[in-house]
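What follows is a set of notes on a single structure, which appears directly below.
The values are calculated or read from the model by the stated rules, or taken from the named source; none is laboratory data. Because the structure is a prediction, the values reported are computed rather than measured. Quick reminder, even Gly has a Cβ in these numbers, built from the backbone with ideal geometry, and neighbours come from all protein chains shown.
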Amino acid sequence: MQHTITLIPGDGIGLETSAATKRVVEASGADIVWEEVPAGEACLETYGTPLPEQTLEAVRRNKVAIKGPITTPVGTGFRSVNVALRKELDLYVCLRPVVSLPGAGGRYENVDLVIVRENSEDLYAGIEFEKGSAEAARLIELCKETGAGVIRPDSGISIKPISVTASERILRFGFEYALANGRAKVTAAHKANIMKYSDGLFLQVAREVAQRYEGRVEFEDRIIDAFCMNLVKDPSQFDVVVFPNLYGDIASDLAAGLIGGLGIAPGANIGDECAIFEPVHGSAPKHAGKNTANPTAQIISAAMMLEHIGERECAKRIREAVAEVYARGEHVTQDIRRATASEKPAASCTEFTQALIDCMTK
Ligand code: NAD
């Protein structure tokens, strides 16, 4: 069956990892028509925005997209296009399977857990007040008046909203995912001991949702700092882990570090209407344009995408080729050579991609 997929190549190493992904998906035998649309800083001049309406429209129309990373200016400039895409399309689930890949230099051999990160609120909601602004002053005054607390007048302020609505739907997704994928346990990670009205609410909803799955899926909760220590000590104790937005962001990179690095960590942003598949990593500017980036994370994201659209055989071909190329270890990129402390020469992004394609078409 033919599928039209939106392709957002991104920028930085995204241009290279997206080109590699496209080649690998085509070699898998999937019948894909790509609708390529832009996003990011390069759009500013032509469209006056880093996220043109035509890009959003293409994702809405095709329902499924694959995306390379997009650079976000730090501290100043436009807000994250990645966050805006998730918000505009209500992609409230960020799904990130963290699975060991033999040959990738992971710290453990059998990591197999799934990060489910809430994608629409928390400190990521982008509700912020600039230091010295009239709005910040009003908020500081309100906190003083209501006895909520004293905020220094030279503070910038970010708001952390956590709602029942968003917590309920992400937790339900976590439990449903566990059931559908034969997973035994859901862990909710939080800091409810300190942030009682935000993380405390998330935990309360988690416990309520867990009750509906009693006897079918086990449930536990962990305080986020203890969770991080336990994850590093023994990742096998976790199965599906549901996080509010910011902790999920940080835990994703932490977990990627356990399996060999960001170069092999895939992901998806999923809503009720559409889904965008993308690697966990960013645009890694220091590698951009050098043909040294590892495209594996985006390629496995594409395998997740193919599974999502029912092309399981094509996805399997890609996953098997990735496993084989890593197991052989002859054509892996520089990040993996470092993770495995190997002095053998590293493959370029295109050499690695060709090795995968050769594997699928031999
Ligand atoms: P990053 O993930 O881009 O890179 C961190 C480091 O990890 C790199 O310097 C590199 O050493 C390594 N790395 C990451 N991906 C790799 C790959 N595929 N192959 C080889 N090595 C890889 O994180 P950063 O440097 O904090 O962010 C760079 C930019 O990307 C920022 O503008 C950030 O906002 C953006 N970003 C975008 C997304 C997204 O598009 N979804 C996600 C995260 C960060």
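Things worth noting here:
- Some residue of the stretch 278-299 being touching a strand residue (DSSP E or B) at 6+ places or on another chain (Cβ under 9 Å) and more than 9 Å from the ligand (Cβ to nearest atom): no
- In the stretch 61-70, the condition of being under 30 Å from S167 (Cβ atoms) and either part of a helix (DSSP H, G or I) or acidic (D, E) (or both) is met by at least one residue.
- Any hit, the stretch 261-280, residues being surrounded by 21 or more Cβ atoms within 10 Å (Cβ to Cβ), touching a helix residue (DSSP H, G or I) at 6+ places or on another chain (Cβ under 9 Å) and more than 24 Å from L85 (Cβ to Cβ): yes
- The residue that is farthest from N62 (Cα to Cα), among those in the stretch 290-319 that are part of a helix (DSSP H, G or I) and small (G, A, S), is A297.
- Check on A20, touching a helix residue (DSSP H, G or I) at 6+ places or on another chain (Cβ under 6 Å), crowded, with 23+ Cβ neighbours inside 10 Å and within 11 Å of V81 (Cβ to Cβ): no
- Screening S252 on (1) more than 18 Å from K22 (Cα to Cα); (2) polar (S, T, N, Q); (3) touching a Ser or Thr at 6+ places or on another chain (Cβ under 8 Å) shows it passes everything except condition (3).
- Residue count for the stretch 4-35, restricted to those that are more than 21 Å from C314 (Cβ to Cβ) and either at pLDDT below 95 or within 11 Å of the ligand (Cβ to nearest atom) (or both): 6
- The single condition among (1) in a loop (DSSP other than H, G, I, E, B); (2) under 18 Å from A19 (Cα atoms) that V322 does not satisfy is (1).
- Of all the listed residues (A315, A346), the sole one being in contact with a helix residue (DSSP H, G or I) (Cβ under 7 Å, 6 or more places away or on another chain) and over 19 Å from G261 (Cβ atoms) is A315.
- Residue satisfying all of: in the stretch 36-58; part of a helix (DSSP H, G or I) and within 14 Å of I70 (Cα to Cα); modelled with the lowest pLDDT among these: L44
- Filtered residue count, the stretch 37-80, keeping only those that are among the hydroxyl-bearing types (S, T, Y), more than 13 Å from the ligand (Cβ to nearest atom) and surrounded by 14 or more Cβ atoms within 10 Å (Cβ to Cβ): 3
- Evaluation of H331 against (1) more than 25 Å from G289 (Cα to Cα); (2) more than 24 Å from the chain's Cα centre (by Cα) (one fails), failing number: (1)
- Top-ranked residue in the stretch 81-97 [being within 14 Å of the ligand (Cβ to nearest atom) and assigned to a helix (DSSP H, G or I); ranked as surrounded by the fewest Cβ atoms within 10 Å (Cβ to Cβ)]: V83
- Listed by first and then second residue, the pairs linking a residue in the stretch 66-92 that is modelled with pLDDT under 95 to a residue that is part of a loop (DSSP other than H, G, I, E, B) and surrounded by fewer than 14 Cβ atoms within 10 Å (Cβ to Cβ), with Cβ atoms under 6 Å apart and 6 or more places separating them unless they lie on different chains, are R79/G126.
- Any hit, the stretch 330-343, residues being of a type in the set (S, T, N, Q), in the same structural domain as V81 (by TED's automatic domain parsing), surrounded by 16 or more Cβ atoms within 10 Å (Cβ to Cβ) and more than 10 Å from the ligand (Cβ to nearest atom): yes
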